[in-house]
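The values are calculated or read from the model by the stated rules, or taken from the named source; none is laboratory data. Owing to the predicted nature of the structure, the values given are computational and were not obtained by experimental measurement. Don't worry about glycine lacking a Cβ; one is built from the backbone with ideal geometry, like all the others, and counts go over all protein chains shown. Surface areas here come from the heavy atoms of the whole protein model, side chains and all, with no ligands, DNA or RNA. Shrake-Rupley method; radii C 1.70, N 1.55, O 1.52, S 1.80 Å.
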Amino acid sequence: MLDRRSFLQLTAAGAGLAAAGGLRGQAPRRPNVVVIVTDDQGSADVGFRGCRDIPTPHLDSLAANGVVCRQAYVSHPFCSPTRAGLLTGRYQQRFGHENNPAWLPADTVAGLPVDQVTLADTLRGAGYATGAVGKWHLGAAPCFHPLRRGFQEYFGIRGGGHDYFRQQLTGEAREYLIPLDRNGESVAETEYLTDAFSREAGAFVDRHAAEPFFLYLAYNAPHTPLQAPPEDLARFAAIADPKRRTYAAMLSRVDAGVGRLLATLRARQVLQDTLIVYFSDNGGPLGEKGNASGNAPLRAGKGSCYEGGVRTPWAMQWPARLTAGRVYDQPVISLDVFATAAAAAGAKVPHAIDGVDLLPHLTGANPAPPHERLHWRSGPSWALREGDWKVVKPGQGAPQLFDLAADPAESRDLAAAQPERLARLTATHDAWNAELRAPLFRSPQG
Ligand code: CA
């Protein structure tokens with residue numbers, strides 16, 4: 001396996017060749033890649049998954065013009081580890097990224113380990129312009145900055161969340177009030193945060209429409225704090241629960257931003273050649289501290305290895321390659337974005353990854369499921385899915401066995417009825433678990 005430095009040197013040479021080929025007009029147009037991630041959006045809270053009280057016409061258009069993956073997962077039930085898995089294509093526990101890093105700018109351990117090659121490194125090495133907009137949450141120290149992880153441009157918040165209206169421009173700001181960061185410099189921002197991210201995403205496309213580009217657009221909405229512009233709150237006056245009303249307004253603003261981005265891609269005449277992937281980083285958080293999101297009929301929510309914690313809405317659009325309006329029912333996972341994007345771009349995958357290129361599966365060229373099984377581990381809890389069977393080991397208590405085909409809500413534990421199946425799947429988990437390392441850092445308290 002190449003280390004990150006060798007890989008970057010090797011691919012820098014390749015990028016020069018690719019650019020030269022483009023100048024001669026011999027290289028076919030490679031697709032742009034846009035990855036849109038929302039934060040703590042409930043798995044039921046999008047129109048194409050049946051949501052009724054929050055219209056999401058633009059997210060729904062991704063589904064209508066592309067493929068909906070109905071059994072889509074993220075690799076972790078909360079924020080930062082999912083992002084680490086997304087950007088490396090690897091189960092993030094393989095390199096100790098199993099928790100959320102605290103906002104500690106002097107801590108050079110709490111972040112996406114610097115020896116890991118990212119999707120941005122990989123696509124940049126293949127000659128792509130690379131940009132990240134939005135929530136980073138992969139380490140606060142300078143060594144973890146997006147500009148050090150393969151992105152040529154960055155605008156956003158580098159912590160795990162943020163106030164949507166305010167920032168603290170002087171003194172030592174707390175995580176949710178840190179100044180916005182543009183390419184490593186603190187900048188003042190006056191727009192509602194979601195709108196600022198949408199604006200910057202469009203500006204990135206405007207700057208790079210003439211070349212292949214990779215845009216990672218990570219909204220922190222609809223993560224708490226629940227804050228929305230008054231005009232959007234007024235539009236949702238019919239929702240009685242004030243938390244749900246605010247959540248709806250926040251999500252609606254994300255949807256409008258996606259609409260703006262699609263309009264820019266269309267205006268620049270690159271929509272046809274753009275692979276767009278959309279999903280939420282984890283299931284909706286339930287309870288008092290939650291954001292009034294919904295995961296029904298799935299069990300539990302953010303933080304849990306039950307379906308409600310790790311299932312996500314998922315749509316992919318690439319008009320030039322993917323037939324519109326398809327539904328795909330085999331399990332896919334956010335780890336697959338790396339392999340899919342790299343394959344679409346013709347980029348060399350730098351290391352052994354856990355994700356697979358979904359395109360042959362989504363086009364029907366490969367009828368087999370992309371994955372024999374999927375795994376999760378979060379502290380003392382873990383889960384494994386193989387076919388329609390799923391084992392969930394809650395933090396407390398014994399492993400449980402579910403048949404997702406008959407029981408998608410994980411309401412009937414079959415562990416006592418099928419001890420042999422449970423034992424075999426538990427042994428399979430144990431073998432995977434032995435490949436992982438201990439967490440390099442702990443989540444902050446509270
Ligand atoms: Ca999250």
Item to check | Residue check for residue 365: crowded, with 24+ Cβ neighbours inside 10 Å, away from the ligand (no atom under 16 Å from the Cβ) and of a type in the set (A, V, I, L, M) | outcome: no
Checklist entry - Taking the stated definitions as given, is residue 301 assigned by TED's automatic domain parsing to the domain that holds residue 89, closer than 27 Å to residue 53 by Cα, crowded, with 16+ Cβ neighbours inside 10 Å and not hydrophobic (A, V, I, L, M, F, W, C)? => result yes
Next on the checklist: Tell me the residue from 431, 423, 406 that is at pLDDT 95 or above and part of a loop (DSSP other than H, G, I, E, B), please.
Outcome noted: 406
Checklist entry - Would it be correct to say that residue 358 is more than 16 Å from the ligand (Cβ to nearest atom) and either of a type outside the set (A, V, I, L, M, F, W, C) or assigned by TED's automatic domain parsing to the domain that holds residue 129 (or both)? => result yes
Checklist entry - Counting only residues that are touching an Asp or Glu at 6+ places or on another chain (Cβ under 7 Å) and within 16 Å of the ligand (Cβ to nearest atom), how many does the stretch 73-119 have? => result 7
Item to check | Number of the exception - residue 437 against (1) open to solvent by 30 Å² or more (accessible area, probe 1.4 Å); (2) basic (Lys, Arg); (3) out of contact with any Gly (no Cβ under 6 Å at 6 or more places or on another chain) | outcome: (3)
Next on the checklist: Please determine whether any residue of the stretch 274-284 is surrounded by fewer than 22 Cβ atoms within 10 Å (Cβ to Cβ), of a type outside the set (Lys, Arg) and part of a loop (DSSP other than H, G, I, E, B).
Outcome noted: no
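Let's see how each residue does on (1) out of contact with any Phe, Trp or Tyr (no Cβ under 7 Å at 6 or more places or on another chain); (2) among the acidic types (Asp, Glu):
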| position | (1), (2) |
| --- | --- |
| 159 | no, no |
| 162 | no, no |
| 166 | yes, no |
| 177 | yes, no |
| 181 | no, yes |
| 186 | yes, no |
| 189 | yes, yes |
| 192 | no, no |
Checklist outcome for this item: Sole miss for residue 120 among (1) outside any loop (DSSP other than H, G, I, E, B); (2) over 17 Å from residue 214 (Cβ atoms); (3) among the aliphatic types (A, V, I, L, M) is condition (2)
Checklist entry - With respect to residue 346, is the statement that it is at positive phi and in contact (Cβ under 8 Å) with a residue 24 or more places away in the chain true? => result yes
Item to check | the stretch 25-81, residues that are under 25 Å from residue 260 (Cβ atoms), assigned to a strand (DSSP E or B) and of a type outside the set (Val, Ile, Thr) | outcome: 32, 69, 72
Item to check | Residue among 197, 165, 144, 155 that alone is under 21 Å from the mean Cα position of the chain (by Cα) and touching a residue at least 60 places away in the same chain (Cβ under 8 Å) | outcome: 197
Checklist entry - Among the residues of the stretch 82-90, is there at least one that is assigned to a loop (DSSP other than H, G, I, E, B) and at pLDDT below 95? => result no
Checklist outcome for this item: Within the stretch 308-327, the residues that are open to solvent by less than 20 Å² (accessible area, probe 1.4 Å) and either more than 16 Å from the ligand (Cβ to nearest atom) or within 23 Å of residue 248 (Cβ to Cβ) (or both) are 308, 309, 312, 313, 314, 315, 316, 317, 318, 322
Next on the checklist: Give me the strands (runs of 3 or more DSSP E) completely within the stretch 169-272, filtered to those with at least 2 residues that are closer than 23 Å to residue 66 by Cβ and open to solvent by 20 Å² or more (accessible area, probe 1.4 Å), ordered by residue number.
Outcome noted: none
